[in-house]
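The values are calculated or read from the model by the stated rules, or taken from the named source; none is laboratory data. All figures in this text were calculated on a predicted structure; none of them were measured in a lab. Heads up, the Cβs are rebuilt from the backbone with ideal geometry, glycines too, and the neighbour counts pull from every protein chain shown. To get the accessible areas, we keep the full protein, side chains included, count just its heavy atoms, and leave off ligands, DNA and RNA. Shrake-Rupley method; radii C 1.70, N 1.55, O 1.52, S 1.80 Å.
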Amino acid sequence: MNRPGKGCMTARRTDREKAAGLHCARNEKSRAVRQGFNIERESTMEPGITGKKTITVTEALTAKALGSGELPVFATPAMIALMEETAWRSVAPKLSEGEGTVGTRMEVSHVSATPVGMEVTCETKLIGTDRKRLTFEVKAYDASGLIGEGTHERFVIENGRFMDKAEGKRA
């Protein structure tokens, strides 16, 4: 972050900015807007939204097929993708037109292997919101019990602005 007098657009911080630990609120805001985040709009989502999805483990979803290992068991990257999909789909109906979510953080443990042919069920729960940040509890199970758990963070973005920034990298 910028400090006052070192590229910051304002020389003094407000008491609110100081309390929040912001060195330069305008620069932080403009950086967020450039990255496709609309930080002005407060989240309309309340904690408690849940999601659930069940899949069958196929050869294509194994560690061997995805390159994350040598064995034909449900791959950690496939479990993470299932958790992300379950989370974003759970909140999608609450978004305004033109908005979406992007995953920004995933902290999970994959605690048990699942062989090809078994079903895996993912359950997500929105446990926190902070403006555009959404925090989920994520868990995955097979018929024998828990196979993975952790937390996942997503941000609500404006799809058009976000894609414009991403496409701008090609230039």
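Brief remarks follow.
- Restricting the range 47-68 to residues that are touching a strand residue (DSSP E or B) at 6+ places or on another chain (Cβ under 7 Å) and in a loop (DSSP other than H, G, I, E, B), the residue that is most open to solvent (accessible area, probe 1.4 Å): Pro47
- The residue list Ala92, Ala87, Ala113 contains one member that is closer than 21 Å to Thr54 by Cα, out of contact with any strand residue (DSSP E or B) (no Cβ under 6 Å at 6 or more places or on another chain) and not in a strand (DSSP E or B), which is Ala92.
- Each residue in the range 77-102 was checked for being β-branched (Val, Ile, Thr) and either touching a Gly at 6+ places or on another chain (Cβ under 7 Å) or within 14 Å of Thr121 (Cβ to Cβ) (or both), and 1 pass.
- When Leu95, Leu82 are checked against the criterion of being farther than 27 Å from Lys64 by Cβ, touching a residue at least 12 places away in the same chain (Cβ under 8 Å) and either of a type in the set (A, V, I, L, M) or buried (at least 16 other Cβ atoms within 10 Å of the Cβ) (or both), a single residue qualifies: Leu95.
- Ala87 vs. criteria in contact with a Cys (Cβ under 8 Å, 6 or more places away or on another chain) and in contact (Cβ under 8 Å) with a residue 60 or more places away in the chain: no
- Taking the conditions (1) more than 11 Å from the chain's Cα centre (by Cα); (2) open to solvent by less than 40 Å² (accessible area, probe 1.4 Å) in turn, Val156 satisfies each one other than (1).
- Once the range 137-171 is narrowed to residues that are in contact with a Lys or Arg (Cβ under 7 Å, 6 or more places away or on another chain) and without any contact (Cβ under 8 Å) to a residue 60 or more places away in the chain, the residue that is farthest from Thr44 (Cα to Cα) is Leu146.
- Residues considered: Leu71, Leu126, Leu146. Of these, the only one that is surrounded by fewer than 19 Cβ atoms within 10 Å (Cβ to Cβ) and not in a loop (DSSP other than H, G, I, E, B) is Leu146.
- The sole residue among Arg41, Arg16 that is in a loop (DSSP other than H, G, I, E, B), loosely packed, with under 15 Cβ neighbours inside 10 Å and modelled with pLDDT under 95 is Arg41.
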